[in-house]
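Starting off with a structure, shown below.
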Amino acid sequence: NLGRCLTLAGRLDEARRVLTEARQAVPRSDSQGDGLPVDIFYLEGLLEKGSNNYAAAAARFREVTKRDPTLETGWYQLGSVLFLDGVYREAIEVFDEVLERNPLHVPAHYKRSMAYRSLGDLARAEEGMSQFLALKKKSGQIATEEYAYEQCRYTQVRRVPLRGAADEVPAVKLE
């Protein structure tokens, strides 16, 4: 959890050190052959995403989806980094995977719509945006990247701005 908090707080060098130590500390005995839990790959993906290294982040999130195909946040993050890297067609396919698992995933509807727009497919982009807006209104869920909840299996973490310190890194609140 320290690696997650440091990553979300933007303290990427510290997070990288913590995740490297965690990798070395994990006993090596599982069916994947390396003993590493899916959470390590997920956090490394978030770290690479935070460092704008989208290809490396995509590799980590692909490993997450391979190891635990039921973890929808792994699929969502993979689609997000593909979108950020300009790989729009593959991002759409991955967002379709997210929406197959959870048709009410508001951020996936939004990002898929934006990927269609980036490809110039305005009809699908508008259709997707309509779905997004209807779901957003119905659910009341905030779907922008800046305010989206970062979810994993065990905790829910969100960014909470510190009061009175615009230049400070946002605090992380565990719920």
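The values are calculated or read from the model by the stated rules, or taken from the named source; none is laboratory data. Everything numeric here is computed off the predicted structure, so don't read it as measured data. FYI the Cβ positions are ideal-geometry reconstructions off the backbone, even for glycines, and counts take in every protein chain you see.
Against the condition without any contact (Cβ under 8 Å) to a residue 60 or more places away in the chain and touching a Leu at 6+ places or on another chain (Cβ under 9 Å), how does Arg4 come out, does it pass? Talk me through it step by step, then tell me what you get.
Numbers: without any contact (Cβ under 8 Å) to a residue 60 or more places away in the chain: no; touching a Leu at 6+ places or on another chain (Cβ under 9 Å): yes.
The answer is no for Arg4.
Ok, one more. Condition first: under 16 Å from the mean Cα position of the chain (by Cα) and not hydrophobic (A, V, I, L, M, F, W, C). Now tell me which residues in the stretch 100-124 satisfy that.
Arg101, Asn102, His105, Pro107, His109, Tyr110, Lys111, Arg112
Can we say Leu84 is touching a residue at least 40 places away in the same chain (Cβ under 8 Å) and either over 29 Å from Gly140 (Cα atoms) or surrounded by fewer than 21 Cβ atoms within 10 Å (Cβ to Cβ) (or both)?
no
Please work out if Leu78 is more than 11 Å from the chain's Cα centre (by Cα) and without any contact (Cβ under 8 Å) to a residue 40 or more places away in the chain.
When the stated conditions are applied, Leu78 does not pass them.
Which of the following residues is crowded, with 20+ Cβ neighbours inside 10 Å, under 26 Å from Leu6 (Cβ atoms) and either among the polar types (S, T, N, Q) or at pLDDT below 95 (or both): Leu43, Leu78, Leu36?
None of the other options fit; the residue is Leu43.
Still on this structure, I have one more. Only one of these is of a type outside the set (Val, Ile, Thr), part of a loop (DSSP other than H, G, I, E, B) and out of contact with any strand residue (DSSP E or B) (no Cβ under 8 Å at 6 or more places or on another chain): Pro103, Pro107. Name it.
Pro103
Quick test of your reading of the structure: Glu14 fulfils all but one of (1) closer than 30 Å to Lys137 by Cα; (2) part of a helix (DSSP H, G or I). Name the failing condition by number.
Evaluating Glu14 over (1) closer than 30 Å to Lys137 by Cα; (2) part of a helix (DSSP H, G or I) leaves (1) as the failure.
Just checking, does the stretch 48-59 include any residue being small (Gly, Ala, Ser), surrounded by fewer than 22 Cβ atoms within 10 Å (Cβ to Cβ) and modelled with pLDDT under 95?
To start, the set of residues in the stretch 48-59 that are small (Gly, Ala, Ser) comprises 50-51, 55-59.
This time we only want the ones that are surrounded by fewer than 22 Cβ atoms within 10 Å (Cβ to Cβ), so: 50-51, 55-56, 59.
Applying the additional criterion that residues be modelled with pLDDT under 95 yields 50-51.
Yes: one or more hits.
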